[in-house]
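Shown next, in structure tokens, is the structure this report addresses.
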Amino acid sequence: MNTLKTERRDLAEKAKRLRREGFVTGSIFGHQIEGSIPVKIARSEAEKVLRAHGKGSRLLLELDGKSYPVLIKEIQYNALKGQYDEVDFQALVGDEMVRSVAEVQLHNHDKLQEGVLQLELKEISYSALPDDLIEKIVIDVAEMKVGDTVTVADLEISRNPKIHLHTDPAAVVMTVSPVNAQHVQDTQTPEPSGEAE
């Protein structure tokens, strides 16, 4: 499990100023924590971890000489600045069910023989004990054909007795659709150069 070093943040320190100074702000909350603990993380450290671990991932947070097993609960990403602004963590307790999400990832796009992949659900919502948390659901699409559909009920997570699903099992996760004429035209029509003739 990856470890992320954090510092306790004085609330007198404004979040915008800290971000300008190279920090990502955040908080740790949980049933065994009174209120929440505001923290700041060096942006270089936060980005290194968050590139590999998204929402629903488990980490160890180092704070004041202690290690906290946590779940990444929320991430705020500033697309305009291309940086992470805020991350919220839920402290985990061994015998306490926690609500989380598993990210859906499609693998082997390049081996798909026909059709167009359409991802309908990017994440599956569920509850589980900390030891049973799932970060990612990988679907291999290499052998799929036009008309194939995958629902939540088709996934292994739906058959795991240690998982309590919140997403509807009948919900469509992904489909393989036929390539229509418009799609072909869009992919074959060259972009205008913007130059005067």
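The values are calculated or read from the model by the stated rules, or taken from the named source; none is laboratory data. This one's a predicted model, so the numbers in the text were calculated from it and none came from an experiment. Glycine gets a Cβ as well: all are built from the backbone with ideal geometry, and neighbour counts include every protein chain shown. Only protein heavy atoms, including side chains, enter the accessible area calculation; ligands, DNA and RNA are left aside. Shrake-Rupley method; radii C 1.70, N 1.55, O 1.52, S 1.80 Å.
Scanning region 74-109 for residues that are of a type in the set (Asp, Glu) and either part of a strand (DSSP E or B) or open to solvent by less than 40 Å² (accessible area, probe 1.4 Å) (or both) returns Glu74, Asp85, Glu86, Asp88, Glu103. Within region 110-162, how many residues turn out to be open to solvent by 60 Å² or more (accessible area, probe 1.4 Å), assigned to a strand (DSSP E or B) and either of a type in the set (Phe, Trp, Tyr) or farther than 10 Å from Val173 by Cα (or both)? Within region 110-162, residues that are open to solvent by 60 Å² or more (accessible area, probe 1.4 Å), assigned to a strand (DSSP E or B) and either of a type in the set (Phe, Trp, Tyr) or farther than 10 Å from Val173 by Cα (or both) number 3. Of all residues in region 2-17, which are more than 24 Å from the chain's Cα centre (by Cα) and aliphatic (A, V, I, L, M)? Scanning region 2-17 gives Leu11, Ala12. Here Ile37 fulfils each of the conditions (1) open to solvent by 40 Å² or more (accessible area, probe 1.4 Å); (2) within 21 Å of Arg17 (Cβ to Cβ) apart from (1). Could you tell me whether region 60-69 includes any residue that is assigned to a strand (DSSP E or B), surrounded by fewer than 20 Cβ atoms within 10 Å (Cβ to Cβ) and among the charged types (D, E, K, R)? Yes, the conditions are met somewhere in region 60-69. Filtering region 1-34 to residues that are open to solvent by less than 60 Å² (accessible area, probe 1.4 Å), among the small types (Gly, Ala, Ser) and free of Cβ contacts under 8 Å to residues at least 24 places away in the same chain leaves only Gly22.
From the list Val141, Val70, the lone residue that is without any contact (Cβ under 8 Å) to a residue 40 or more places away in the chain and touching a strand residue (DSSP E or B) at 6+ places or on another chain (Cβ under 9 Å) is Val141.
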